[in-house]
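Every number in this text was worked out from the coordinates using simple rules, so none of it is lab data. Computed from a prediction, not measured in an experiment: that's the story for all the values here. Note that we place each Cβ from the backbone using ideal geometry, even for glycine, and neighbour counts take in every protein chain shown.
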Amino acid sequence: MATPMLLKGGTVLVHDEQDHVHALKTDLLIEGNTISKTEDDILASSSTQIIDCTDKILTPGFIDTHHHVWQTLLKGRHGDDTLLDYFPKGNFTSSVHDSEDFFWGQLGGCLAMLDAGTTTVVDHAHLNYAPESSKAAIAADISSGIRSVFCYCPTPRTESWSPFKFSGHDMLPDWVMTTMKELASKAPFGDGRITLGLAFDALWMPKEVVVNLFTKAKDMGIKLITTHYVRSAIQAPHSPIEVLDSYGILDSAYLFSHTTNATPKDAALLLSSNSHASTTPSTELQMLGGSTAAFHPTLNMTSQCGVGVDCHSNNSVSIVSEIRLLLQHVRAVYNQKFVDKGVVAKKVNHTVEEAFNLGTIGGARAAGLSDKVGSLKVGKFADILVWDATSPAMVCAAQHDPVQAVVLQSSPKDIEMVIVDGVIRKEGGRLRDVDLRPGREMWGGDGAKGDVVSWNDVSKELVKRRESVQSVIEGLDMEEARKGIIQGWYINEEVIVDSA
């Protein structure tokens with residue numbers, strides 16, 4: 001049993017029933033893996049660890065509702081890429097990773113998220129080249145200490161780079177379903193932190209294939225199913241929201257990643273079915289364009305949206321960075337209408353509190369976990385961030401309006417402590433060492449054979465493996481692969497233009 005922890009004298013950001021956030025000077029008691037009390041002057045037992053939170057802000061851990069966590073070894077290569085550039089350089093280079101690469105990449109991604117204050121992630125794990133691939137990633141999740149909905153993903157797999165071929169029509173071989181059934185029978189993992197979801201994008205497959213897969217998933221106990229939805233000239237015109245509704249299976253289990261340029265019908269179906277969308281500001285603004293689902297200017301979907309990082313190979317893992325970018329972007333778009341008419345707006349569009357909620361309680365709802373995480377409420381899991389309210393970045397802002405301080409002033413450096421499931425994972429501004437042994441319940445590869453490793457150990461392994469993967473990638477023809485993807489996905493090349 002974990003030692004009880006009393007977080008004493010901090011400013012605790014508490015949500016009310018209308019999702020308004022109140023800053024309360026109070027104590028918070030953690031017993032086991034849950035929040036057991038939030039009240040003034042809690043008396044601690046002799047066995048309780050007391051943590052002085054004077055001049056600290058306590059917030060819920062952030063919820064990342066769409067992320068490809070395995071991609072750590074690919075960081076730094078997509079900053080000037082379009083979506084079509086990303087596919088060969090990102091998605092399909094999973095083929096040059098082995099299970100050890102996936103383990104260390106996944107571990108690096110999890111630890112980076114924890115360092116930046118993300119305590120829960122919906123992982124669209126499109127790394128599934130063999131049964132060991134997903135098992136290695138889950139082992140890393142277990143050892144890292146993060147909370148995850150690991151969305152097992154039947155995915156197109158690269159068969160050849162020259163000529164470039166991928167298995168777009170053979171995404172459900174027997175081993176994929178056998179592994180999914182095996183994982184579902186063993187889930188959850190890591191003392192309950194890691195649950196199993198399903199990620200699947202091939203809704204162009206016959207209706208009976210899609211319905212059968214999703215029905216089997218739910219029968220296995222899977223509660224969250226996620227799929228990409230990008231409405232653009234290079235994507236299929238069919239809305240997956242409309243497709244699933246036409247099949248009679250659209251319900252609250254579904255999380256649609258991106259949902260850019262959604263239609264009024266999409267929004268109506270999303271709201272009526274209580275399904276959700278995940279906006280990923282950095283990649284959407286760079287690679288997709290158009291209107292985001294969260295804070296959409298005309299469609300009222302924000303109440304059923306979360307925010308995700310998508311690809312930390314492209315951008316920061318920080319949810320704060322994403323909600324900040326999104327908030328200021330939609331404000332700029334709103335203001336432009338006034339600029340065009342030679343007038344000014346009386347007030348800004350959307351609030352800091354709304355942005356904060358997208359990364360906390362809104363994200364928890366999108367992940368199907370709002371009864372467990374997303375707010376600092378008695379009975380929920382103890383997934384908590386402790387912020388330094390007197391750091392150079394936060395001082396004065398934190399005392400005046402702690403929500404604004406977190407959303408607009410902070411960086412991961414200001415997070416002194418990260419607690420997940422009642423266990424401290426970051427303390428004194430530094431990640432704690434990681435015990436690899438718990439991950440062995442899932443996967444016994446060489447990466448899991450160590451015992452306790454520091455971040456320094458992990459970073460050295462990541463650098464070594466990045467060099468190995470990069471040496472293979474340098475021998476691949478990305479332009480040939482790009483052409484193969486255009487052909488394989490029947491993309492009309494006439495819509496790919498230099499200017500509009």
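Using 1/(1 + (r/R0)^6) with R0 = 35 angstrom and r between the beta carbons of Val348 and Ser272, what's the FRET efficiency to the nearest 0.05? With a Förster radius of 35 Å, E is 0.70. Each residue, Trp175 and Ala233, gets one label point 7 Å from its Cα in the Cβ direction; the gap between the two is 4.0 nm. For the chain, the antiparallel share of DSSP beta bridges with both residues in that region comes to about 50%.
Once a ≥ b ≥ c are taken as the square roots of the eigenvalues of the Cα gyration tensor of the chain, is the result rounded (a/c under 1.5), prolate (a/b larger than b/c) or oblate (a/b not larger than b/c)?
Values: a/c = 1.59, a/b = 1.22, b/c = 1.30.
In terms of gyration-tensor shape, oblate.
Selection among Gly342, Ala393, Gly374 by position relative to the dipole of region 333-411 gives Gly342 as farthest towards the positive end (Cβ unit charges, Cα centre). For region 101-219, lysine pairs separated by 8 or more sequence positions, or belonging to different chains, with Cα-Cα distances below 18 Å total 8. For region 324-346 and region 61-87, what is the centre-to-centre distance using only Cα atoms, to the nearest Å? So the two Cα centres are separated by 28 Å.
What is region 383-500 by shape, rounded, prolate or oblate, if you read a ≥ b ≥ c off the alpha carbon gyration tensor as root eigenvalues and call it rounded for a/c under 1.5, prolate for a/b larger than b/c, and oblate otherwise? Here region 383-500 falls in the oblate category. Computed over neighbours whose Cβ is under 12 Å from that of Arg147, the net charge equals -2, Lys and Arg +1, Asp and Glu -1. The label point for Glu467 and the one for Asp19, both projected 7 Å from the Cα toward the Cβ, are 4.8 nm apart. Given axes a ≥ b ≥ c from the Cα gyration tensor, I'd like to know whether region 162-201 is rounded (a/c under 1.5), prolate (a/b larger than b/c) or oblate. Since a/c reaches 1.5 and a/b is larger than b/c, the shape of region 162-201 is classed as prolate. Here the label points at Tyr334 and Lys377, each 7 Å from Cα along the C-beta direction, are separated by 2.6 nm in the simple model.
Remark: relative contact order (the chain) = 21 percent; criterion is Cα-Cα distance under 8 angstrom and separation of 6 or more residues.
Do any chymotrypsin sites (Phe, Trp or Tyr not before Pro) in region 251-318 lie in a loop, going by DSSP, with at most 16 other beta-carbon atoms within 10 Å of their beta carbon, and if so which?
The qualifying sites: there are none.
What does the charge add up to near Ser391, with Lys and Arg as +1, Asp and Glu as -1, over the other residues with Cβ less than 11 Å from its Cβ? Around Ser391, the surrounding residues sum to -2.
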